[in-house]
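Novice: Submitted below is the structure of interest, expressed as structure tokens.
The values are calculated or read from the model by the stated rules, or taken from the named source; none is laboratory data. Please read all numbers here as calculations on a predicted model, not as lab measurements. Positions of Cβ are backbone-derived with ideal geometry, glycine not excepted, and every protein chain shown enters the neighbour counts. Just the protein is used for accessible areas: all its heavy atoms, side chains included, with ligands, DNA and RNA removed. Shrake-Rupley method; radii C 1.70, N 1.55, O 1.52, S 1.80 Å.
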Amino acid sequence: MKTFMTGNEAVARGAFEAGVVYASAYPGTPSTEILENTAQYPEIISEWAPNEKVALEAVLGASIAGGRALAAMKHVGVNVAADPLMTISYTGVTGGLVLISADDPGCHSSQNEQDNRILAKFAKIACIEPSDSQECLDYMKAAYEISEQFDVAVMMRMTTRVCHSKSLVEVGERVEKDLIPYVKRPEKYIAAPAHAKKLHPVVEAKLVEMEKFSNETPLNRIEWADKKVGIVTSGVAYQYAKEVFGENASFLKLGFTNPLPMDKIRDFASQVETLYVVEELEPFMEEQIKAAGINCVGKELIPNVGELNPDIIAKSLLGEVRPLLDIPQDKLVGRPPTLCAGCPHRGFFYALKKKKNVMVTGDIGCYTLGASEPLNTTDTVIDMGASISMGHGAQRVLDKAGKGMKVVSVIGDSTFFHSGITSLIDVVYNRGNTVNVILDNRITGMTGHQENPGSGYTLTGQKVKEIEIDKVVRALGVELVINVNPLDLDAVTKALDAALAYEGPSVIITRWPCVLKKFSPEDIKEFGEKKPVCYVVEEECRGCRLCNKTGCPAIVFDKTKKKSYIDPNACVGCEVCLQVCPFKAIKKAGE
Amino acid sequence: MAEIKNILFAGVGGQGIILASKILAAGLINAGYDVKMSEVHGMAQRGGSVTTQVRYGEKVYSPIIGKGQADLLVSFESMEAMRWLDYMNPKGKVVVNDHELWSAPILMGSAEYPEGILDAIRERAETVVIKAGEIAAELGNPRTMNVVLVGTLIKAMGLEGLDWETVIRDTVKPQFVEINLKALKAGMDQVKG
């Protein structure tokens, strides 16, 4: 009986069957559901870590202590975890260790589309690339064997279409692995210079052994067919190329891509007339194949930007152009993502927008939408935690420029725990002078409502001590700390005025739950039950459209009547529009 | 069965296109097809344009299609059908819900919802327009709109012979089985022949 699974579900199943005992991750699209699914298996201790570096370190600890362990993160998360990663290659592992890197070609939900196979090579660890859900499960089991056989961490590089596409999977049973008894081994696990110097040649020797394995493993398989064209490919690009060429080309399908099986590639190349390398994003395999003196064609024809699909490959390699229906552009209006009706971020950004001579450094989360129409407040968004540290550096230079411009740094609760805390330490320690706003919506919002250290619950729903942001920032030495309800525009404005006038680092904490969040008992106690919706008293509306300027998707402007209207099915009664209306034309239902 | 069929679902976050895709995929799997389904998560869900793809046949490789390849586009919202029209095989069919959801620029009054979208689609491809929301409301539960659309697409693809009753029974809570079966049939009745 086969099961229809996403790649992420199959990875979790593979971890279960491989006898994994510990898993840690920070949520990030497209990787998030991996830990949500390992958490369904009581045999695997599954935890959200505050960031990816912490997750990988916790997983390394679990491995050294003798258990099989799994870390999962999106591609940019591996940058955060790069510090331990670069040395794990030296130390190796005890229990098998797999790091999932979920790359996002096409930037569906990411700030860049980096190709992390390059990081696997840089870190000198093994890299495997599944191309569908069945391989996600099978490769996980293989990865743990490889990890323990070669004493090496294994990066399993997935991409959005592997993570989030569903296909049929034959599942198996869990094989319990005995924990490996812990033995103190300082020469292996203390990467001090004296040990590191000795470990580096060991790493190089492992790479030689792994290349031999790469040439022999069935993870790298040849599918012979017509030999006029030979295709070397990996990951989901294999599925795309197979779709286009079918039996009209021979395939060298690589599942184990670092180190590459260069002997196998050379042998394959010698038997085909033309060799194509079909890979998504970077010419990772192609450059190495060319450096080995093997003729091939790759990025000359196939784009290294964006996501591939069968159509792009057919066009690039075969010159096939499909007829397309035309889309009359006058029949189309954009549909950008927006902050939800009732989103607590809206009130804050609306009030912030009124402040002049400010630079707003933003961060990663739903509140990135504070940069979009009609709020248009945010100036920068780069990476997790950058709002506060970039803001500090910017303020230093703005002070030098002497025009009185102030920086407001805006970050979410989960992002603050991820890496905003160290940035805030930078501001306090160096006697900075920025306004730091922590938008605490009581959950990790954008990735789909994962608990975090501030929410008071764990991944498995266990009630734990909530780490209070207010206490954290006061402990760091911030003296002006203002807690405010972001839906109360006057209160937000006063808080901003006080913080902007203050000399020294300040923190404003806006505390209100994400409108999509299922309220916990503590939330209901603190924030109350659902509120009555708002409506527009038609005869009092003057059509000034200030309510529309909040960008609330529940408010519709009727151009013929020149009146605003609130959709009662979309409104949640946040009352931001009610406070914005200069004519008091918006009322609460029941009033 | 050798030929691979491609169905593209389009709509707006929150309209239930993922559930609809799952129902379709489950019926196809039960019937012995190889099936792949692809969805996009993350920021797009915040009121943005959303698509899923279902591909089926004897052996399916790619989980996604490129432009010009969909045999059927089923759109839960009128303008979204237009947005994804270039993913259609020009010989394919469109099932479109006659239902407008205004996007942010329209709500704010900085753009207008385009007129004549449905006619423009009809001019370009074989099209079935249905009022799935009204049909679902008449049946007594507006939330079954997505299942009405699934019914229409099943008929449009000639898949009405598969065992959809089992899929519905496996997918929805017992108290909603009857209404969803009615919705599915009402959707099928929208396609003649």
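Novice: Only residues that are open to solvent by less than 80 Å² (accessible area, probe 1.4 Å) and more than 12 Å from chain B (Cβ to nearest Cβ): list them for the range A:305-317, please.
Specialist: Across the range A:305-317, the qualifying residue is only A:L317.
Novice: Continuing with this model, one more query. So, in the range A:545-586, of the ones that are small (G, A, S) and farther than 17 Å from A:T338 by Cβ, which residue ends up farthest from the other protein chains (Cβ to nearest Cβ)?
Specialist: The residue in question is A:G573.
Novice: Quick one: is A:K177 away from every other protein chain (no Cβ under 14 Å) and surrounded by 17 or more Cβ atoms within 10 Å (Cβ to Cβ)?
Specialist: So A:K177 passes the test.
Novice: If I filter the range A:349-371 down to residues being open to solvent by 40 Å² or more (accessible area, probe 1.4 Å) and within 14 Å of another protein chain (Cβ to nearest Cβ), which single residue comes out as nearest to A:N430 (Cα to Cα)?
Specialist: Looking at the filtered set, the residue picked out is A:I364.
Novice: Same structure, new question: In the range B:161-182, which residues are over 12 Å from B:A31 (Cβ atoms), acidic (D, E) and touching a residue at least 24 places away in the same chain (Cβ under 8 Å)?
Specialist: Within the range B:161-182, just B:D170 meets the criteria.
Novice: Next up: Just name the residue that is nearest to the chain's Cα centre (by Cα) out of those in the range B:135-193 that are β-branched (V, I, T) and in a loop (DSSP other than H, G, I, E, B).
Specialist: B:V191
Novice: Quick one: B:F76 ticks every box in (1) of a type in the set (A, V, I, L, M, F, W, C); (2) surrounded by 24 or more Cβ atoms within 10 Å (Cβ to Cβ); (3) at the interface with chain A (Cβ under 9 Å from one of its Cβ atoms) except a single one, so which number is it?
Specialist: B:F76 satisfies every listed condition except (3).
Novice: Can we say B:V94 is touching a residue at least 60 places away in the same chain (Cβ under 8 Å), within 17 Å of the chain's Cα centre (by Cα) and either more than 9 Å from chain A (Cβ to nearest Cβ) or assigned to a helix (DSSP H, G or I) (or both)?
Specialist: no
Novice: Which one of the conditions (1) more than 9 Å from chain B (Cβ to nearest Cβ); (2) touching a residue at least 12 places away in the same chain (Cβ under 8 Å) does A:Q329 fail to meet, given that it meets all the rest?
Specialist: Only one criterion in (1) more than 9 Å from chain B (Cβ to nearest Cβ); (2) touching a residue at least 12 places away in the same chain (Cβ under 8 Å) is unmet by A:Q329, namely (2).
Novice: Identify all residues within the range A:455-478 that are of a type in the set (S, T, Y), part of a loop (DSSP other than H, G, I, E, B) and either under 20 Å from A:E526 (Cβ atoms) or out of contact with any strand residue (DSSP E or B) (no Cβ under 8 Å at 6 or more places or on another chain) (or both); write none if there are none.
Specialist: A:S455, A:T458
Novice: Can I ask one more? Restricting to the range B:97-111, and then to whatever is open to solvent by 40 Å² or more (accessible area, probe 1.4 Å) and more than 7 Å from chain A (Cβ to nearest Cβ), can you tell me which residue is modelled with the lowest pLDDT?
Specialist: So, considering only residues that are open to solvent by 40 Å² or more (accessible area, probe 1.4 Å) and more than 7 Å from chain A (Cβ to nearest Cβ), the one modelled with the lowest pLDDT is B:S110.
Novice: Report the residue count in the range B:21-36 for those that are in contact with a helix residue (DSSP H, G or I) (Cβ under 8 Å, 6 or more places away or on another chain) and either in a helix (DSSP H, G or I) or closer than 15 Å to B:L184 by Cα (or both).
Specialist: Residues meeting the conditions: 6.
Novice: Here's something else I'd like to know. For A:P374, indicate whether it is in contact with a Ser or Thr (Cβ under 7 Å, 6 or more places away or on another chain), farther than 24 Å from A:K530 by Cβ and either assigned to a loop (DSSP other than H, G, I, E, B) or within 11 Å of chain B (Cβ to nearest Cβ) (or both).
Specialist: Criteria not met by A:P374.
Novice: While we're here: Residue under question is A:L369, and the condition is that it be modelled with pLDDT of 95 or more, touching a His at 6+ places or on another chain (Cβ under 8 Å) and among the hydrophobic types (A, V, I, L, M, F, W, C); does it hold?
Specialist: no
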